[in-house]
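Below you'll find the structure, written out as structure tokens, and then a few comments.
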Amino acid sequence: SIGIEIDNNGSEPFTDSQIKSLIGLLGRLKEAYDIPTTNFIGHSDIAPGRKVDPNRYFPWQKLSENGFGYWYDTTGIKVPENFDALQALRIIGYDIKKPEAAVYSFKLHFVQNDSTKIINDEDKKILYDLEKKYQ
């Protein structure tokens, strides 16, 4: 794995110049090491409950738009009644031994305006869409 540290106090957005530099660096790394799209993750994604960085201000959607990680589109998504959100978290890469920690880390990445540790119907739509991309 390759860890990249970006200076941020955790309570404010990252600067445009930081993200522009990051996107350039990620592009070079992706090409040099043939890194799959699914492997662009944050510390909180790999260590739920233990790490909370980058933070809820990190522009994951912008990174995804540039080919680094997946994002979701819930337009027209209908979640099956038997959908298992916890298993979807596992499929997209979260350690689910501590479900609340996994949900919190998922939200830091994908639902940044919600700090609850529960999965609601909108979260299920996001997970359902992401699960298809990660399989």
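No value in this document is a laboratory result; all are computed from the given coordinates. Predicted, not measured: the structure shown is a model, and the values here were computed from it. FYI the Cβ positions are ideal-geometry reconstructions off the backbone, even for glycines, and counts take in every protein chain you see.
For the chain, the longest principal axis of the alpha carbon atoms and the long axis of helix 16-33 meet at an angle near 80°. Subtracting the Cα-Cα distance of residue 1 and residue 98 from 0.36 nm times their residue separation leaves 32.6 nm of extension gain. Highest mobility in the GNM of the chain, judged by mean-square fluctuation with C-alpha springs under 10 Å and restricted to 27, 69, 49, is found for 27. Only lysine pairs 8 or more places apart or on separate chains count here, and in region 46-135 those with Cα atoms under 17 Å apart total 20. Using C-alpha pairs under 8 Å with a sequence gap of at least 6, the mean separation divided by the residue count of region 10-107 gives a relative contact order of 31 percent.
Whats the longest run of the chain with zero trypsin sites (Lys or Arg not before Pro) that are DSSP loop and have at most 16 other Cβ atoms within 10 Å?
On the way: sites that count: 50, 51, 78, 97, 117.
Answer from the scan: 1-49.
Once you have the Cα-Cα distance between residue 39 and residue 71, take 0.36 nm times their residue separation minus that, and quote the gain in nm to one decimal.
Values: separation 32, 0.36 × 32 = 11.52 nm, distance 1.28 nm.
So the chain would gain 10.2 nm between residue 39 and residue 71.
From its DSSP helices (H runs of at least four residues, each -39,500 (n - 2.57)), the chain gives a residue-normalised ellipticity at 222 nm of -13500 deg cm²/dmol.
Relative to the first principal axis of the alpha-carbon coordinates of the chain, what is the inclination of helix 99-110, with its axis defined by its Cα atoms, in degrees from 0 to 90 and to the nearest 10? It is inclined by approximately 50 degrees.
Relative contact order for region 60-135 using alpha-carbon pairs under 8 Å, separation at least 6, rounded to a whole percent? Dividing the mean separation by the residue count of region 60-135 yields 39 percent.
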